[in-house]
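What follows is a single structure, written as structure tokens, with notes after it.
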């Protein structure tokens, strides 16, 4: 997570000035303070204290032994960014996606990622079980360019699931009238349909086996 420090100067009557300090990160204002001009020299040194504390919290292990930047996996994913790049990080915790976002280059260490929102794109993910929950009632969940190790998908909700240019171990459809679209160079080892009305479509380049 990136932090931005701003200092605002306001002049008042008789040329007295007051300064306001803000620290922002993850789409939120984390600290607000004010001080007078005579304290400016002291503030330059005091600024280091909250900044170091913020960095210590954001880079601390998440309790599962994961030394991650920007907090836990769920915090990073739901931090307000439109694109979250997880390159170079490995996780061993279950996590959830609660709003529309693009997640790239994620190695989830064999854990579960629960998708609770539509308009989610998972680009180049591996070692994960993706659970599309019942709370997803609209929008599309897209999995693409995911040709790494062990990716499984459990469809419990959602109106449309698109899998493109990916190698998927298993797709289990547990929702009635679900729509699963396979496109590009996509290979699915097994598609397990457990509910009626499931619509699975694919183009000529996709390869999949259905257990119905």
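Here are the numbers for this structure:
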item: Cross-chain or 6+ apart pairs with Cβ under 9 Å, the range 102-114 first and in contact (Cβ under 8 Å) with a residue 40 or more places away in the chain, then surrounded by fewer than 15 Cβ atoms within 10 Å (Cβ to Cβ) and assigned to a strand (DSSP E or B); result: 107/90
item: The listed residue being more than 23 Å from residue 195 (Cβ to Cβ) and either touching a strand residue (DSSP E or B) at 6+ places or on another chain (Cβ under 9 Å) or not assigned by TED's automatic domain parsing to the domain that holds residue 207 (or both), out of 110, 157, 139, 118; result: 110
item: Residues satisfying the stated conditions in the range 168-184, i.e. at pLDDT 90 or above and surrounded by 19 or more Cβ atoms within 10 Å (Cβ to Cβ); result: 168, 171, 173, 180, 182
item: Filter result for the condition that a residue is touching a strand residue (DSSP E or B) at 6+ places or on another chain (Cβ under 6 Å), surrounded by 18 or more Cβ atoms within 10 Å (Cβ to Cβ) and at positive phi, over 105, 124; result: 124
item: Residues located in the range 82-101, provided they are farther than 19 Å from residue 133 by Cβ and either surrounded by fewer than 16 Cβ atoms within 10 Å (Cβ to Cβ) or out of contact with any strand residue (DSSP E or B) (no Cβ under 9 Å at 6 or more places or on another chain) (or both); result: 82, 83, 85, 87, 88, 90, 92
item: Residue in the range 128-142 that is surrounded by fewer than 19 Cβ atoms within 10 Å (Cβ to Cβ), without any contact (Cβ under 8 Å) to a residue 40 or more places away in the chain and within 20 Å of residue 72 (Cβ to Cβ) present; result: yes
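The values are calculated or read from the model by the stated rules, or taken from the named source; none is laboratory data. No experiment lies behind these values; they were computed from the predicted model shown. Here Cβ is always computed from backbone atoms with ideal geometry, including for glycine, and neighbour counts include all displayed protein chains.
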